[in-house]
Amino acid sequence: MVIFSIFFGRVAGISSGDIPYPIFAYTGLLFWQYFSSSLSAASNSLVSNRGIIQKVYFPKVIVPLASTIGHFIDFLFAGAVFIILMIYFHFFPTLLGVLLLIPCLVITFLSFSGLGLLFASINVKYRDVRYVMPFFLQLLIFLTPVIYPTAVLGRYQWLWYLNPMSGVIETMRAGLLGVGTINWTLLASSALLSILFFTFGILYFKKSEKYFTDII
Amino acid sequence: MKIIEAHNLSKCYRIEPEREPYYTLRDEMVNLAKKPLRWLKGEGEKKQDFWALRNVSFSIEKGEKVGLIGRNGAGKSTLLKILSRVTPLTQGEAVIRGRVNSILEVGIGFNIELTGRDNIYLNGAILGMTKKEIDLKFERIVRFAGFEKFLDTPVKKCSSGMHVRLAFAVAAHLEPDILLIDEVLAVGDFEFRKKCLKKMDKASQEGRTIVFVSHDMDSIAHLCTRTILLDSGRIVMDGPTATVISHYLDSGNKSY
């Protein structure tokens, strides 16, 4: 957050509107970190637990999903830091924002689970995918309004609707910091997309699951 | 009652001699770019089929103790993997009536940084015991393994023999209808092996079915009443243990 504040907030001069840049970026990072670290854990989970998968019979969906639990704990701690920041910068969440926290977390969960299940299955078959994943995830952060507001896209605003995390982060920024209004269409499209991701991820996983033990 | 029925089980593995040892997305994309037509037509590289199991049929009665013997690569472990549903069949059908527990490897999921106590719970959970069940059996497991002294030391500080003892002790206290055991006893010492065989014998008296893979003919002869001899994925012989073992040993002598 400090690095982001210095580089993007000061040097690059990205405007974050009425919100001080540090807490602006931190709100984004809070959810982004949960999303990206869970996604990367889920993607690698099957290959790194091959010992168990080859020797014991159990529903394999558990593996990618379980690997993300630890990152939820990380999220809770990061959330505690966020509360301290809110106190420091004198921000107060709206009641609606607090209520929306749960749907937003569900959207985040569905998104990374869906993608994670998909990547995990691909990872079993193609072992080079795990080397590309970190770079891919690093790129993704720039496709998400983590370090800059959605306004930067100008008239290409619709692009945000393709990324489920943009709805989550924008909603939480407006709701938890109590600044601006919530973009309901963006949130709805995020929710829809995340459900789509999750369904596709589960279906693909189920389809390829049978052969995991033979090729893992 | 027939507790396991296998009809024409076959398992085929693909061996691709021209392939790199693992697939990469990069290669796949390069291949796709090179030969787009070939990919569209669905022609892959030459693939060789390796039949690990071919038309294996048998049935096992409830409470039977069956040994599986055969040379390395005969398909014994593959058969156990299929029966425990870890790997899918290529052809055929396997009907299993009851709760199966398989010990394909000792100490799955052991974490060497954890203490013996934690590992008992962890391993037990992986093998399908509930926490309550383990709580109940905990004392017996520890006594069986002779692990009292090391219960609260990290497992990495114990000898590898102790690992096996502890892991097997957990597995031995499972109470499934069918117990599938791959060659896992080889590491324990003589006394511990005897103890395990006795334990398995007791389990079968309680009505459990045991399928036991081993290269140790003494253990097989000691435990199993019926033995199946596999060679290159086919059943060569299926009958009373003594006859099958002597056939196996004779055929082994002939080929040298």
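The values are calculated or read from the model by the stated rules, or taken from the named source; none is laboratory data. In this text, all values refer to a predicted model and were calculated from it rather than measured experimentally. So basically every Cβ, Gly included, is an ideal-geometry build from the backbone, and we count neighbours across all protein chains shown. SASA here: full protein model, heavy atoms, side chains in, ligands and nucleic acids out. Shrake-Rupley method; radii C 1.70, N 1.55, O 1.52, S 1.80 Å.
For the reader, a short list of remarks on this structure follows.
- If you take all other residues with their beta carbon under 12 Å from the beta carbon of B:Cys196, and give Lys and Arg +1 and Asp and Glu -1, the sum is +3.
- A full extension of the chain between B:Arg26 and B:Arg117 corresponds to an added length of 28.2 nm, given 0.36 nm per residue minus the alpha carbon distance.
- Amide H contacts under 5 Å for B:Arg54, placed H, 5+ residues apart: B:Lys11, B:Arg234
- The range A:2-215 - percent of accessible surface contributed by carbon and sulfur, probe 1.4 Å: 74 percent
- Highest-MSF residue in chain B out of B:Gln48, B:Gln91, B:Gln205 [GNM, Cα springs under 10 Å]: B:Gln48
- Long hydrophobic helices in chain A, taken as whole DSSP H segments with a C-alpha length of 27 Å or more on their own axis and mean Kyte-Doolittle hydropathy at least -1.0: A:21-48, A:69-88, A:95-125, A:184-209.
- Overall form of chain B per C-alpha gyration tensor (a/c, 1.5; a/b vs b/c): oblate
- Among A:153-162, B:155-164, the order from most to least packed when residues are scored by Cβ within 10 Å on average: B:155-164, A:153-162
- Computed over neighbours whose Cβ is under 13 Å from that of B:Asn119, the net charge equals +1, Lys and Arg +1, Asp and Glu -1.
- Computed FRET value (nearest 0.05) for B:Ala94 with B:Leu151, which takes r as the C-beta separation and R₀ as 30 Å: 0.15
- Cα-centred dipole magnitude for the protein assembly as shown, charges only on beta-carbon of K, R (+1) and D, E (-1), debye, nearest 20: 520 debye
- Chains B and A together, accessible area buried on both sides, 1.4 angstrom probe, square angstrom: 1600 Å²
- Accessible surface, chain A, averaged per residue in Å² (probe 1.4 Å): 49 Å²
- Delta accessible area of at least 20 Å² on complex formation, residues of the range B:92-116, 1.4 Å probe, chain isolated as reference: B:Leu104, B:Glu105, B:Ile108
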